[in-house]
Amino acid sequence: MHDHLRSVRLVELLDTAFQQLPEPVTPPQLCYQRLIRGGTHRVRLSEAPRQVAAAMITVTPPGIPVLMPGESIGASDGPLLRYLTALESFDRSFPGFRSETHGVTLDPDTGDYLIECLRPTISEETSADAQERRAVTPAQRSHPKETQERS
């Protein structure tokens, strides 16, 4: 067990994860609204790079959050995902000594860590679409069928 912890450099990865703060990209209140309305999904660590966390992730010990709702999970080779991947590896290798990681769900079939992330939204309108919508009058928006018949 100790050899495994040394080989994955778990303590070093933990230090690095706390030294480089995640980038906040979405307000936490928006994450909560999306969470309670089904706008989130669970993703494996391998699918998590650049996703936005919908829930807090706290690793115990030390019991300090490493990720807050609305923060980017970061790059696949970033400190947070490297640390969580090392914990996942430890948990698979030593199931009776699983780490306590709040905000991470364990896939019962594979042992993969799953993180609650915001579902991607429909991309922003192109400027051409936005211009076309602005060209339509409020009356046309209210009664599109009548407007088409008059044309």
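Listing for the model above:
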read-out: Residues with amide H under 5 Å from that of Q51, placed H, sequence gap 5 or more; value: I73, G74
read-out: In sequence order, calculated HN-Hα J values of segment 2-15 (Karplus, 6.51, -1.76, 1.60; Hz; x Gly/Pro); value: 5, 4, 5, 4, 5, 5, 8, 6, 4, 5, 4, 5, 4, 4
read-out: Phi-based couplings in Hz for segment 18-34 (Karplus 6.51, -1.76, 1.60; Gly and Pro marked x); value: 7, 7, 10, 6, x, 8, x, 10, 9, x, x, 5, 5, 4, 5, 4, 5
read-out: Residues V11, V66, sorted so that the one with the fewest Cβ neighbours within 10 Å comes first; value: V11, V66
read-out: Under the Karplus curve 6.51 cos²θ - 1.76 cosθ + 1.60, θ = phi - 60°, whole-Hz ³J(HN,Hα) for segment 79-92, x wherever Gly or Pro sits; value: x, 5, 5, 5, 5, 4, 5, 5, 5, 4, 4, 4, 4, 5
read-out: Residues whose placed amide H lies under 5 Å from that of V66, excluding near-sequence neighbours; value: I57, T58, V59
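Values quoted throughout were computed directly from the atomic coordinates according to the rules given, and no laboratory measurement underlies them. Note that the structure is predicted; figures quoted are calculated from it, not measured. Backbone-built Cβ (ideal geometry, glycine too); neighbour counts: all protein chains shown.
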